[in-house]
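What follows is a short report on a single structure.
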Amino acid sequence: MFLTCNVKNNVFSGKNKNKITFDLKKLNQKAVFLDYEFCVPQKDKIIKELKTIDQTIIVYKTSKGRIGCSNNQYLCIGNSNQKNAKKVLLTLASFDYIQQIDQCFFE
């Protein structure tokens, strides 16, 4: 099992689902993949931990993204083209330091 981190609350709780601002049902559709973005504190330990959960994450240290990361946060972008994508997203949402996960639209 890939959940080796210390997660405080139930991964599948309603609180965690509310942090994800797009419809998770989209992931159940055949061949539908989407990108998502969220902000995290600027700590290498956190990035390392998140990458054990979601190997698709790319960290942008200077970009704010559409989500609007603050000066003391890194922008993280991931993709749902992975095994157990819904579970991965819910696990990410369970961390207190991740406030919101938005669908990412590239321009």
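Just so you know, all these numbers are worked out from the coordinates, no wet-lab data involved. The structure displayed is predicted, hence computed values, not measured ones. Glycine gets a Cβ as well: all are built from the backbone with ideal geometry, and neighbour counts include every protein chain shown.
Please report 60, 36 as a ranked list, fewest other C-beta atoms within 10 angstrom at the top and most at the bottom.
In order of increasing Cβ crowding within 10 Å: 60, 36.
Under a 5 Å amide H to amide H cut-off, with H placed in plane at 1.01 Å, what residues pair with residue 20 once short-range neighbours are removed?
HN-HN under 5 Å from residue 20: 101.
Normalising by the residue count of segment 14-103, find the relative contact order in percent from Cα pairs under 8 Å and 6+ residues apart. Mind dumping the intermediate values first?
On the way: 133 pairs, mean separation 40.1, N = 90.
It comes to 45 percent, rounded to a whole number.
Considering the options 36, 79, 91, tell which one lies farthest towards the positive end of the dipole of the chain, charges being +1 on Lys and Arg and -1 on Asp and Glu at the Cβ, about the Cα centre.
It is 91.
Consider the candidate values (i) 12.9, 38; (ii) 13.6, 42; (iii) 16.9, 57; state which one is Rg and Dmax of the Cα atoms in Å computed from the structure displayed.
Answer label, from the structure shown: (i).
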